[in-house]
Amino acid sequence: MEESQLAAELGCTETGGKMGARATFLEGNADAVEFCTASAHHNLLVAASYTLQEGPSPIRVGGLYLFTVGEESNPELRKLQLLDTSGIFDIKWNRSSSSFAPCLGQASADGSLRLYSLQEGHTPSRSSY
C-alpha cells in the first residue's frame, strides 16, 4: 500500500498535515511491536518476528529487534540490537514506574517466558523462566 493510500485510510488529509512513513524489514514475519512505556526511553521500539522453518522436524525461530526512533522532525528507525530467539508469540513492556526499571516480557514458541531489562546504553539483558 502506498503512503498516500495509507494516509487516506487513516483519515489524514493534506490540510491536517502530512503523515510520513519509515519502514524497515525484519528477518521473518513481524508479529508484534511495542514502544517502551518509560518516559526516559519513549523513543525505544521493540519489534518481534516469528518464522516456521518447515521440514521433517519443523522449528519456530524468531528475532527481537531494538530500535531507536528519531524525533518528530526526523522519525528515522535505527536498529540498535537483534537477539535471535525461538519464535515470538507476544511482547509487552511493564508499566512505567519509578520503582521498576523498564522490563520487556516475551512469550515464546518454545514455551518459555523471557524477561529483558534495559542496561546502560540501551542494551537489553535476558532472563528466561
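Through the Karplus equation 6.51 cos²θ - 1.76 cosθ + 1.60, θ set to phi - 60°, convert the phi angles of the range 111-118 into ³J(HN,Hα) values in whole Hz; use x for Gly and Pro.
Once rounded to whole Hz, the list reads x, 8, 10, 10, 10, 10, 10, 6.
For K79 and S96, compute 0.36 nm times the residue count separating them, minus their Cα-Cα distance, and round to one decimal in nm. Before the final figure, lay out each step's value.
Numbers: separation 17, 0.36 × 17 = 6.12 nm, distance 2.28 nm.
Residue separation times 0.36 nm, minus the Cα-Cα distance, leaves 3.8 nm.
Can you tell me the order of 112-119, 81-88 when each peptide is scored by its average per-residue count of other Cβ atoms within 10 angstrom, highest first? Spell out each step's value before the answer.
On the way: 112-119: 15.6, 81-88: 17.1.
With the highest mean Cβ count within 10 Å placed first, the list reads 81-88, 112-119.
In the P(r) worked out for the range 24-128, what percent of Cα pairs fall beyond 24 Å?
Details: 1266 of 5460 pairs.
Every Cα pair in the range 24-128 considered, those over 24 Å come to 23 percent.
Considering only the other residues whose Cβ falls under 11 Å of the Cβ of E34, what net charge follows from Lys and Arg at +1 and Asp and Glu at -1?
Numbers: positive: K92; negative: D90.
Here the count lands on 0.
Just to be sure I understand the model, the point goes 7 Å from the Cα along the line to the Cβ. What's the resulting V69 to N29 distance in nm?
2.4 nm
Which net charge results for the neighbourhood of T51, defined as the other residues with beta-carbon distances under 14 angstrom from its beta-carbon, given Lys and Arg at +1 and Asp and Glu at -1?
Values: positive: R60; negative: E27, D31, E54, D84, D110.
Summing Lys/Arg as +1 and Asp/Glu as -1 gives -4.
Label the range 48-102 by shape, choosing from rounded, prolate and oblate, from the square roots a ≥ b ≥ c of the eigenvalues of the Cα gyration tensor; if a/c is under 1.5 it is rounded, and otherwise prolate applies when a/b is larger than b/c, oblate when it is not. Kindly include the intermediate steps, with their values, before the conclusion.
Numbers: a/c = 3.56, a/b = 1.68, b/c = 2.12.
Oblate is the answer for the range 48-102, as a/c is 1.5 or above yet b/c matches or exceeds a/b.
All of the numbers you see were taken from the coordinates with simple rules; none came from a lab. Computed from a predicted structure; not experimentally measured. A quick note on method: Cβ atoms are made from the backbone with ideal geometry, for glycine too, and the neighbour counts reach across all protein chains shown.
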